[in-house]
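All remarks here apply to the structure that follows.
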Amino acid sequence: MISGHIAHRGVAVLLAVATALPAAAAASAAPAPPVAAPGPEAELVPGVAPGPYQPWQIDTPDQVLAPKTYTPTAEEDAVEPRAAAEGTYDLVEYVPLEDAAGKVACSKRTGPYQRAVERWLKLKVDGRQSAADCRAIRNFQVKHRVKPTTGFAGPVTWATMQLVSARKNPNAGKKCPVRKYRVACVDLDRQLTWVQNGKKVVFGPVPMRSGRAGHRTRTGWHRIYWKHKNHWSTLYNSPMPYAQFFDGGQAFHAVYGSIYTTVGSWGCVNLRVADARKLWGVLKKNDRVYVWGRRPGP
């Protein structure tokens, strides 16, 4: 969801890589979004092999055009979208192919978020991986259940740090306007969203995935204009549960694949099912949405 300049090599490549990996068990700090260095990160792959619980869905088929709105029946709204499979949203880091295949215990490689992670951990900020850096990053990964715990400063480790830092006061930077009414805040820089009513946070912050290059989630003020709990994308023949449309075809909605991918959505704000379900109960039609910043990476 958040890596910089990381090339997406396709599901076929990921499945090929999985043959070299062991079988998987079933199952703000930075002042500005970091910019990843060119080169080695193009070889990043999920550090845990794909399995039935984690399909490594890279792209979410979002609605490109505004949907045809209608009033759902009570019977339709009574049906709750299914929950995601266990392990779908596990924090699986993207790591160098050689690290994944070699099952390294502590990575010697400099990650694309090295400086940002060093700054967050209050290490010497030199942008170069060291044994001390690896140990500190690895300790953070163990504590926050980021897998694999190899100390690589990748996009998922960075995203987890953004969430940990924002929990107490997501609007500490005062980027989201405070109003006397509910505002859904969409922070593209940190890939976080929350809802505030005045200064009080009434939902979140939670992690999200916004639009990729060429299909960016549009910034500025918007308004929730249609809510459809069991929306189905007719364009891509795919579910968009708990969809709350705020600008044309762009909406908050849940996805049944990982939101922690190196490539963004097609414009929508993707959420985990439990988060999307809770947000559904918080936002009402005509509530305001404010989007700012820029998603790091592709």
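The values are calculated or read from the model by the stated rules, or taken from the named source; none is laboratory data. Fair warning: this is a prediction, and the values are worked out from it, not measured in the lab. For neighbour counting, all protein chains shown are included, and Cβ atoms are generated from backbone atoms with ideal geometry for every residue, glycine included. In case anyone asks, the SASA skips ligands and DNA or RNA and just uses the protein heavy atoms, side chains included. Shrake-Rupley method; radii C 1.70, N 1.55, O 1.52, S 1.80 Å.
Annotations for the structure displayed:
- The one condition in (1) open to solvent by less than 10 Å² (accessible area, probe 1.4 Å); (2) modelled with pLDDT of 95 or more that Lys229 fails to fulfil: (1)
- Candidate set from region 137-161 (those that are buried (at least 18 other Cβ atoms within 10 Å of the Cβ) and among the aliphatic types (A, V, I, L, M)); member that is farthest from Leu97 (Cα to Cα): Met161
- Unmet requirement for Ser238, which otherwise passes all of (1) over 18 Å from the mean Cα position of the chain (by Cα); (2) open to solvent by less than 10 Å² (accessible area, probe 1.4 Å); (3) closer than 29 Å to Gly154 by Cβ: (2)
- Criterion: of a type in the set (Gly, Ala, Ser) and over 22 Å from Glu43 (Cα atoms) - qualifying residue of Ala132, Ala105, Ala116: Ala132
- Restricting attention to region 167-204, the residues that are open to solvent by 40 Å² or more (accessible area, probe 1.4 Å) and among the polar types (S, T, N, Q) add up to 2.
- From Val164, Val117, residue being modelled with pLDDT of 95 or more and either buried (at least 21 other Cβ atoms within 10 Å of the Cβ) or farther than 23 Å from Thr261 by Cβ (or both): Val117
- Within region 96-114, being aliphatic (A, V, I, L, M), open to solvent by less than 70 Å² (accessible area, probe 1.4 Å) and part of a loop (DSSP other than H, G, I, E, B) holds for one residue alone: Val104.
- Residue match in region 209-227 (condition: over 18 Å from the mean Cα position of the chain (by Cα), among the basic types (Lys, Arg) and under 18 Å from Lys285 (Cβ atoms)): yes
- Taken over region 126-136, the residue count meeting the criterion of being loosely packed, with under 15 Cβ neighbours inside 10 Å and of a type in the set (A, V, I, L, M) is 2.
- Residue match in region 269-281 (condition: open to solvent by 10 Å² or more (accessible area, probe 1.4 Å), over 10 Å from Arg209 (Cβ atoms) and in a strand (DSSP E or B)): no
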